[in-house]
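Structure record follows, encoded as structure tokens.
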Amino acid sequence: MTISPTAGTVTAAQPNRPQPSRKIKVLHLITSLEVGGAQHGMLLGLPRFDSDRYEHIVCSIMDRMQMAQQFRSAGIEVRTLGLSRKTDVSVALRLRSLLKELRPDVLHTYLLHANVLGRIIGRLTGVPAIIGSERTIGQARRWGRLATKLTNPLTDAVEVNSEIGGKAIVSDLGVPSNKVELVRSGLDLAAFSASTKRADIRSELGLNDNHHLVTFIGRLRPVKGVEYGIKAFAVASVQHQNLRIALAGEGEQLGYLQDLTSQLGISENVTFLGVRNDLPDLLAATDSVLMPSLNEGFPRTAIEAMAAGKPVIATRVGGTPEAIIDGETGILVPAKDVEAMAAALSNLVDDTELQTRLGTAGRARAQQNYSLANYLSRLDRLYQQLSGITLQPLEPTPILAPDS
């Protein structure tokens, strides 16, 4: 199987240069605008495209719109189809009307429901190019796999963010290998190395310099394996009284996990932070990152932690081993193995030299492989290729962060 590599340099518009005769209009259809990795990737990347060359609109199928204002503040138009119940089949008609109104050159869909609905309605309304995105590995249920296989012929390309993800969708979802496009995740690397908030955040959490703060970042859902991480933390805490853990995220397991910490007698050492929009600052305050997932696509949290120079303890599942090199940029353990996870935590707390070595190597790996420039350049070429619209090349200029 051939997966297209990431390469290239992002360009931005300069004054007194010839501009393209028209923009490429891209509609990004996603299941929801709840807090998640795909949503964060879009929020980081879309505002940094050249606005003289591209027009981006984001549409959520569901009425779950927690991140909508962040997109609007970054200058991205946001729509919703307002789906609030599974029986609302008229959502297909609303998408059809929106596509006829906007007439996008490219429909880029994210997550299972948007992939399937977007392919069908996009083809019926004559959208010139349709790109799907797959972020998970082995998590689709039988009906999801069937729906994906049946609609594969309707999409022009399927974007993945890891090599293992590309192989998985070919074998599990029946996506033709010639439609797989590898677009590695990109980060604003400078943001994760420039925070000066370590002391402030740690003070808010009641920590001193002797505490070792372990952080979990993600949704509080069963697939994230948070309960196993909490149990491992409890085991490691017996020998290390300075251990503390903070969990940044929300989800249906919140109450269960709070009860679990009480049962384990560690409530005073555990902080549930809810959703955080200051991940670079939170990671600056962190000493290590814990990722106890039962399954993963490609873990964005892992490369964010590495970009911040923090050692990661993660489970050897899905695309995680592609992001984290065991013993070099982090420590990998089997999923659900509380004892192995606790041992890794204990070893890391005891060895500050190991913490530094893993963190330094992780930062170097993130800088080498996950730059925002490469991410945007790869999408830029993909959009031009599939839409059939060739934009005038512009000389490269620095990428500036969007106003927010």
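The values are calculated or read from the model by the stated rules, or taken from the named source; none is laboratory data. What you are looking at is a predicted structure, and each value in this text was computed from that prediction instead of being measured. Using ideal geometry, Cβ is built from the backbone for each residue, glycine included, and neighbour counts are taken over all protein chains shown.
A compact table of results
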{"quantity": "Residue satisfying condition, being of a type in the set (D, E, K, R) and touching a helix residue (DSSP H, G or I) at 6+ places or on another chain (Cβ under 6 Å), within set GLU134, GLU101", "calculated": "GLU134"}
{"quantity": "Region 52-88, subset in contact with a Pro (Cβ under 7 Å, 6 or more places away or on another chain) and among the small types (Gly, Ala, Ser), residue farthest from LEU391 (Cα to Cα)", "calculated": "ALA74"}
{"quantity": "Count of residues meeting criterion [more than 18 Å from GLU250 (Cβ to Cβ) and either in contact with a Ser or Thr (Cβ under 9 Å, 6 or more places away or on another chain) or buried (at least 20 other Cβ atoms within 10 Å of the Cβ) (or both)] in region 208-230", "calculated": "4"}
{"quantity": "VAL238 being β-branched (Val, Ile, Thr) and in contact with a Leu (Cβ under 6 Å, 6 or more places away or on another chain)", "calculated": "no"}
{"quantity": "Unique match (being hydroxyl-bearing (Ser, Thr, Tyr) and under 15 Å from ALA232 (Cβ atoms)) among THR320, THR261, THR352, THR356", "calculated": "THR261"}
{"quantity": "Region 257-284, subset part of a loop (DSSP other than H, G, I, E, B) and modelled with pLDDT of 95 or more, residue surrounded by the fewest Cβ atoms within 10 Å (Cβ to Cβ)", "calculated": "GLY265"}
{"quantity": "Selection count, region 305-341, where residues are over 23 Å from the mean Cα position of the chain (by Cα), in a helix (DSSP H, G or I) and surrounded by fewer than 24 Cβ atoms within 10 Å (Cβ to Cβ)", "calculated": "3"}
{"quantity": "Residue in region 363-373 that is assigned by TED's automatic domain parsing to the domain that holds LYS231, outside any helix (DSSP H, G or I) and charged (D, E, K, R) present", "calculated": "no"}
{"quantity": "From ILE130, ILE121, ILE76, residue being without any contact (Cβ under 8 Å) to a residue 60 or more places away in the chain, crowded, with 21+ Cβ neighbours inside 10 Å and farther than 21 Å from VAL183 by Cα", "calculated": "ILE121"}
{"quantity": "Sole residue being among the charged types (D, E, K, R), in contact with a Gly (Cβ under 6 Å, 6 or more places away or on another chain) and over 30 Å from PHE49 (Cα atoms), chosen from ARG198, ARG244, ARG202, ARG221", "calculated": "ARG221"}
{"quantity": "Residue check, VAL78 assigned to a loop (DSSP other than H, G, I, E, B) and either under 29 Å from ARG221 (Cβ atoms) or not assigned by TED's automatic domain parsing to the domain that holds VAL158 (or both)", "calculated": "no"}
{"quantity": "Residue in region 93-103 that is among the hydroxyl-bearing types (Ser, Thr, Tyr) and under 20 Å from the mean Cα position of the chain (by Cα) present", "calculated": "no"}
{"quantity": "Single condition PRO104 does not satisfy, out of (1) closer than 21 Å to LEU83 by Cα; (2) of a type outside the set (Lys, Arg); (3) outside any strand (DSSP E or B); (4) in contact with a Leu (Cβ under 8 Å, 6 or more places away or on another chain)", "calculated": "(1)"}
{"quantity": "Enumeration of residues in region 308-319 that are among the hydrophobic types (A, V, I, L, M, F, W, C) and modelled with pLDDT under 95", "calculated": "VAL317"}
{"quantity": "3 or more residues over 30 Å from LEU98 (Cβ atoms): qualifying strands (runs of 3 or more DSSP E) within region 109-218", "calculated": "212-217"}
